[in-house]
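K.L.:
Before we start, here is the structure in question, set down as structure tokens.
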Amino acid sequence: MATSLDNIRSEIDALDAELRARFLRRAELVANVAAAKADNGETAPLRPLREIQQLRALIAWQKSNAPMLESAGLIAVWREIIGMALAQQGGLTICASPNAMPQARAHFGASLAYEAGAPKLDNLLENPRLVAVMTLDEAIAPPEGVGVFARLPLIGAPAALCYGKLAASDENEAGAVNLVRRAEAKSGERVIFKGQDDALVETDAPGDDPIWGRYLTLEAEA
């Protein structure tokens, strides 16, 4: 039994070494992406719809191939990988209210910079490397040019919103939902926060209601 256990541990060690090599190769490719962006004059570091697409693929793989692995753990690992890639490309600063900071850190990971305080959304227009996070009861309408690009957590009861200056290419992704503020939800829509006079609603048909943002969710994959 001891020999068998030693063999298993040796195989795990070999796999860990392979993972390290894969991390290095991924970092090399991220460096190539950063260089290509610089050559093309692309300055927006944030690609939230692409990140969610990657996570959707991960969860689909987990369901079909690795149900013994917890989806929440896989998402956390993948978010750390995304955070390392963002840091490698110049980083982001996450400005979160004190109440939203736990959600912000859980989502964006350990590789990025954080500032605690009341986010000023106008600052996002001037700095594409700045992101704001507020809890739902703190959330306010974004100024023109800024949008809500995610709600947190990605799976589970909504608790916070992420704001940022987004690239135009991310605005019309098929399957993304609109976050609107309206008096009440219509049939089939989801209310994520109910205030005294109105509600924040996820909808495919925003109509004339003020649109706060547009994003993909993991709900269908959860």
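What follows draws every value from the coordinates through simple rules; no lab data is involved. For clarity, every value in this text was computed on a predicted model and none was experimentally measured. Neighbour counts are summed over all protein chains in view; Cβ atoms, including those assigned to glycine, are modelled from backbone coordinates with ideal geometry.
K.L.:
In debye, nearest 20, what is the charge dipole magnitude of the chain about its Cα centre with +1 on Lys and Arg Cβ and -1 on Asp and Glu Cβ, if you could check?
P.N.:
Result for the chain is approximately 340 debye, rounded to the nearest 20.
K.L.:
Given the range 1-40 reduced to its alpha-carbon atoms as identical point scatterers, what log10 I(q)/I(0) does the Debye formula return at q = 0.20, 0.23 Å⁻¹?
P.N.:
Per q value, in the given order, log10 I(q)/I(0) is -0.65, -0.72.
K.L.:
Given H placed on each backbone N at 1.01 Å, which residues far from G213 in sequence or on other chains put an amide H within less than 5 Å of it?
P.N.:
Sorted by chain and number, the residues that satisfy this are V148, L179.
K.L.:
Of all DSSP beta bridges in the chain, what percent run antiparallel (nearest 5)?
P.N.:
70 percent
K.L.:
What size of dipole, in debye to the nearest 20, comes out for the range 1-40 about its Cα centre when the only charges are +1 on Lys and Arg C-beta atoms and -1 on Asp and Glu C-beta atoms?
P.N.:
220 debye
K.L.:
Neighbour counts of other C-beta atoms within 10 Å: give me F23, F108, F193 arranged from fewest to most.
P.N.:
F23, F193, F108
K.L.:
Could you tell me whether the chain comes out rounded, prolate or oblate from its Cα gyration tensor? Rule is a ≥ b ≥ c as square roots of the eigenvalues, rounded for a/c under 1.5, then prolate if a/b exceeds b/c, otherwise oblate.
P.N.:
Prolate.
K.L.:
Does the range 75-123 come out rounded, prolate or oblate, given a ≥ b ≥ c as the square roots of the eigenvalues of its C-alpha gyration tensor, rounded meaning a/c under 1.5 and, failing that, prolate meaning a/b above b/c?
P.N.:
Oblate.
K.L.:
Going by alpha carbons, how many degrees (0 to 90, nearest 10) lie between the helix axis of 71-88 and the longest principal axis of the chain?
P.N.:
It works out to around 90 degrees.
K.L.:
Sorted by mean Cβ packing within 10 Å, highest first, what order do the peptides 5-11, 148-154, 32-38 take?
P.N.:
148-154, 32-38, 5-11
K.L.:
While we're here: Short version: ³J(HN,Hα) in whole Hz for each residue of the range 52-65, in order, from phi by Karplus 6.51 cos²θ - 1.76 cosθ + 1.60 (θ = phi - 60°), x for Gly and Pro, what are they?
P.N.:
Couplings: 5, 4, 4, 5, 4, 5, 5, 5, 4, 5, 4, 5, 8, 10 Hz.
K.L.:
On to the next question. Would you work out which of L154, G188, L29 lies farthest towards the positive end of the dipole of the chain, given +1 charges on the beta-carbon of Lys and Arg and -1 on that of Asp and Glu, about the Cα centre?
P.N.:
Toward the positive end, the furthest listed residue is L29.
K.L.:
Which whole-number percent is the relative contact order of the chain (Cα, under 8 Å, 6+ apart)?
P.N.:
With pairs under 8 Å counted, the relative contact order is 17 percent.
K.L.:
In whole Hz and in residue order, list the ³J(HN,Hα) couplings for the range 29-39 that follow from phi through the Karplus curve 6.51 cos²θ - 1.76 cosθ + 1.60, θ = phi - 60°; x for Gly and Pro.
P.N.:
Rounded to whole hertz, the list is 5, 4, 4, 5, 4, 4, 5, 5, 4, 5, 5.
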